[in-house]
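Let me begin by presenting the structure, written as structure tokens, before commenting on it.
The values are calculated or read from the model by the stated rules, or taken from the named source; none is laboratory data. Quick caveat: nothing in here was measured; it's all calculated off a predicted structure. With ligands, DNA and RNA removed, areas are computed over all heavy atoms of the protein, side chains included. Shrake-Rupley method; radii C 1.70, N 1.55, O 1.52, S 1.80 Å.
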Amino acid sequence: MKALITILAGDGIGPEVMREGVRALKRIARLSGHEFELCDGLIGGAAIDATGEAFPDDTRSLCKKSHAVLLGAVGGPKWSDPNAAVRPEQGLLDLRSALDVYANLRPVATHPALYDASPLKPEKLRDVDILVVRELTGGAYFGEKERTPDSAKDVCSYTRHEIERILRIAGQLAGKRRGKITSVDKANVMETSRLWRNIADELIPAEFPDLELEHMFIDAATMHLLSRPASFDVIVTENMFGDILTDEASMLCGSMGMLPSASLNQDRRGLYEPIHGSAPDIAGKNIANPCGMVLSIALMLRYSLGLEDEAVLLEKTVYAAVEAGHRTADVSLPGVAPISTQVMGDAIIAGLG
Ligand code: IPM
Ligand code: MG
């Protein structure tokens, strides 16, 4: 197959992890005979420096005509002035909105080789296999915003359409897994959550009668995620709750650096990015973990390009490398010197054959 893929390396550790991801993708292309045309674009702080905008028009048109977009990370102290006219993160939000990638899938599965990197006890980590389905283009992230020196607001609103379409994705995915959906909300306080809960109660039993649906408040969910993580299958939730919950969930897997994400629209075109940020404190040091980026590329192969075999190969290779002891600093083994971003990439590429 042929595919056009936009590469947005972004800021901080973005370019470093992207370099390894692109090497792995090129190796997959060579092994499988697929042709991936890779085009670089600017986003975030790098784009602000070059053009004054966080999501320039050239990047927008490139992304819109691509089969998939790969993103490293955006943001950093250089562009963090709260009074700046334009921020790198806005570029990412504009990109998500331009592609209408409302369904953000964040798989959180533990692997015995990484139990030691997690702060939780190994017995809690056994059989944890969660898929967080985060609504990505609505809620307070995209509502009306206003700030004066003495007050500020971020309006959180959701429409029936937005809630139905994300619940449907969660239902479809849960049907292919263990058949349980936990819908996370704050229905004891928020109107958006009450609407969300009502719609879930209508839609899931009507369209997915074989699924088990449970509701959970976000505060309780943060607790149960630590006390009984293996009891979750699919978690579906709104934008902000999903953002917070997935950072917490990443600690089950040892490090944020391990976690990938896929953001899909109605046509299954997608944006693929690790869930970690730009990590300015370690940027440029060649020590960041590229696994989240490489695993995001595996999700791209699966969801946007339909290349399941290649996706599985890449995932298995990453975990085989980790199991063999190839570890960057964030998941390093006690008494063993951590390896660099690039050496981790080498180990993955060597494993691909
Ligand atoms: C994420 C990030 C982003 C978000 C930031 C960088 C805007 O934290 O992808 O989880 O809040 O969605
Ligand atoms: Mg986040």
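A few points about this structure:
- The overall shape of the chain, judged from the alpha-carbon gyration tensor, is rounded, with an a/c ratio under 1.5.
- Membrane-span-like helices of the chain, defined as complete DSSP H segments with a Cα extent of 27 Å or more along the helix axis and a mean Kyte hydropathy of at least 1.0, are absent.
- Which of Arg178, Arg134 is most accessible, then next, and so on - probe 1.4 Å: Arg178, Arg134
- Percent RCO, i.e. relative contact order, over the chain, from Cα pairs under 8 Å lying at least 6 residues apart: 21
- Distance between the stretch 213-274 and the stretch 127-183 - C-alpha centres, whole angstrom: 11
- Heavy-atom accessible surface of Met190, to the nearest 10 Å², is about 60 Å², with a 1.4 Å probe and all protein chains retained.
- Taking every alpha-carbon pair under 8 Å whose residues sit at least 6 apart, the stretch 38-185 reaches a relative contact order of 16 percent.
- Counting only DSSP beta bridges with both residues in the chain, the antiparallel share comes to about 35 percent.
- For the stretch 1-133, convex hull volume per residue from C-alpha positions, Å³: 159
- Rolling a 1.4 Å probe over the heavy atoms of the protein chains gives the stretch 44-109 an accessible area of 40 Å² per residue.
- For the stretch 121-252: rounded, prolate or oblate by the Cα gyration tensor [a/c cutoff 1.5]: oblate
- Counting only lysines at least 8 places from Lys180 when in the same chain, those with an alpha carbon closer than 24 Å to its own are Lys124.
- Averaged per residue, the stretch 121-252 has 47 square angstrom of accessible surface, using a 1.4 angstrom probe with ligands and nucleic acids left out.
- Residue-averaged 222 nm ellipticity for the chain, from DSSP H runs of 4+ at -39500 (n - 2.57), nearest 500: -13000 deg cm²/dmol
- With every protein chain in place, the chain: carbon and sulfur % of accessible area (1.4 Å): 53
- Nearby lysines by direct alpha-carbon distance to Lys145 (threshold 17 angstrom, same-chain neighbours under 8 apart not counted): Lys153
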